[in-house]
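For reference, the structure discussed in these notes is given below.
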Amino acid sequence: MTQDPLTQEQIRNFVLPAHGNLAVVQQMLAEEPRLLNEKYVEFDETALEAASHVGNRPIAEFLLAQGAPMNLYTAAMFGLED
């Protein structure tokens, strides 16, 4: 059985809280794991990029632990050089 594609509204409702609301991010990802790496087109960012560019380490760490791929914003936030 195939699932309907995620809408930009669903993705927006996940990416925006990733700037600062860990509880919402955790709840939404538990309910819809496909949100993890989706990009919100209007802001051109994933939830991990959203958390990282505002320096929200707890959300970034959670998303990385769930399997989100490391990106430049996140590496810079963690001070990684390689």
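The values are calculated or read from the model by the stated rules, or taken from the named source; none is laboratory data. Note that this is a predicted model, so its numbers are computed, not measured. Reconstructed Cβ throughout: ideal geometry from the backbone, glycine too, with neighbour counts over all protein chains shown.
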Among the residues of the range 1-45 satisfying the criterion of being under 13 Å from PHE62 (Cβ atoms) and either part of a loop (DSSP other than H, G, I, E, B) or of a type in the set (Val, Ile, Thr) (or both), which is nearest to the chain's Cα centre (by Cα)? LEU36
Residue under question is GLU49, and the condition is that it be without any contact (Cβ under 8 Å) to a residue 12 or more places away in the chain, outside any loop (DSSP other than H, G, I, E, B) and not polar (S, T, N, Q); does it hold? no
Criterion: in contact with a Gly (Cβ under 7 Å, 6 or more places away or on another chain) and of a type in the set (S, T, N, Q) - qualifying residue of ASN21, ASN71, ASN56: ASN56
Across (1) out of contact with any Phe, Trp or Tyr (no Cβ under 7 Å at 6 or more places or on another chain); (2) modelled with pLDDT under 95, VAL54 clears everything bar (2)
I'd like the residue in the range 61-72 that is under 16 Å from MET28 (Cβ atoms) and of a type in the set (A, V, I, L, M) and, out of all such residues, is surrounded by the most Cβ atoms within 10 Å (Cβ to Cβ). LEU63
Looking only at the range 1-59, filter to residues that are among the hydroxyl-bearing types (Ser, Thr, Tyr) and surrounded by 12 or more Cβ atoms within 10 Å (Cβ to Cβ); which one of those is nearest to GLY79 (Cα to Cα)? SER52
